[in-house]
Amino acid sequence: MAGKKARKRIKRQNGKWVHAAAHVSLPPSPWDHGAAGPANRMGLVEEERGEVDTKTGRVINPNRVTGVRRHDMLEVYYKRGWISMRGYTAGQALREAWERTEMGTCAPWLRDRVDSSPKPDAAIAIQIDRMTQLMRISRLIARGDDPLLHAVVARGIGLAHVKAYRGGNHDKGKQHLHDALEQLADRIEGRKS
């Protein structure tokens, strides 16, 4: 017993003796920006927090408080002017078709324990229709544009996370994204007419 380190004992208000808790020191941070891991930082954009001035439309932030929010990178690129409205709409159509395949027919807590509907195959038919829609729009993507559009549109991450456009190739990536979405928009409009 003599080899163990002695822990400080303190007397509580109720009269019992207990071991003191270890002191925990946290790094000082006036505001939290979330987890710092690279997987957690994908798609996060830092922005100022504060009230919006009704006259100018700008954020009033005298203390320089910032926060992070997960942005849709397709929307960010549209606001920056890197892609056109047609390209943005085509990207949204692709994302919508992809997201619909990920959702079920209804929330799990709304389903019956045993499917007693008159048409139990209806859920399967709905999922097949959603997959068919995704395949129709995916066939319109030009060869070679698939990895880029999958990263930016489907996964919602930015160009900086596409290996081919890291470093000094970012401008080339912006141009490729613009061209790929314009070509997808042309093919979607051609299919509709």
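Here are some notes:
- Every pair of residues 6+ apart whose Cβ atoms lie under 6 Å, when the first sits in the stretch 39-67 and is under 28 Å from LEU159 (Cβ atoms) while the second is open to solvent by 60 Å² or more (accessible area, probe 1.4 Å) and β-branched (Val, Ile, Thr): GLU48/VAL59; VAL59/VAL52
- Checking ALA142, ALA180 one by one, the residue that is modelled with pLDDT of 85 or more and crowded, with 19+ Cβ neighbours inside 10 Å is ALA180 and no other.
- Residue within the stretch 111-129 that is within 18 Å of ASP72 (Cα to Cα), modelled with pLDDT under 80 and of a type in the set (Gly, Ala, Ser) present: no
- Screening the stretch 77-104 for residues that are open to solvent by 70 Å² or more (accessible area, probe 1.4 Å) and either among the aliphatic types (A, V, I, L, M) or outside any helix (DSSP H, G or I) (or both) and picking the one that is modelled with the lowest pLDDT gives MET103.
- Among residues of the stretch 140-154, those that are in contact (Cβ under 8 Å) with a residue 12 or more places away in the chain and either within 17 Å of ALA185 (Cβ to Cβ) or not in a helix (DSSP H, G or I) (or both), counted: 9
- Considering the conditions (1) part of a helix (DSSP H, G or I); (2) under 14 Å from the mean Cα position of the chain (by Cα); (3) over 13 Å from GLY158 (Cβ atoms); (4) of a type outside the set (Ser, Thr, Tyr), LEU74 is excluded by exactly one of them, (3).
- Selection of the stretch 157-172 for residues being within 12 Å of MET73 (Cβ to Cβ) and in a helix (DSSP H, G or I) yields LEU159, ALA160, HIS161.
- Residues in the stretch 49-76 that are out of contact with any Leu (no Cβ under 8 Å at 6 or more places or on another chain) and open to solvent by 80 Å² or more (accessible area, probe 1.4 Å): ARG49, GLU51, VAL52, THR54, LYS55, THR56, ARG58, ILE60, PRO62, ASN63, ARG64.
- ILE137 surrounded by 16 or more Cβ atoms within 10 Å (Cβ to Cβ), assigned to a helix (DSSP H, G or I) and aliphatic (A, V, I, L, M): yes
The values are calculated or read from the model by the stated rules, or taken from the named source; none is laboratory data. All values derive from a computational prediction rather than experimental measurement. So basically every Cβ, Gly included, is an ideal-geometry build from the backbone, and we count neighbours across all protein chains shown. For the accessible areas, the whole protein counts, side chains as well, though only heavy atoms, and no ligand, DNA or RNA atoms are used. Shrake-Rupley method; radii C 1.70, N 1.55, O 1.52, S 1.80 Å.
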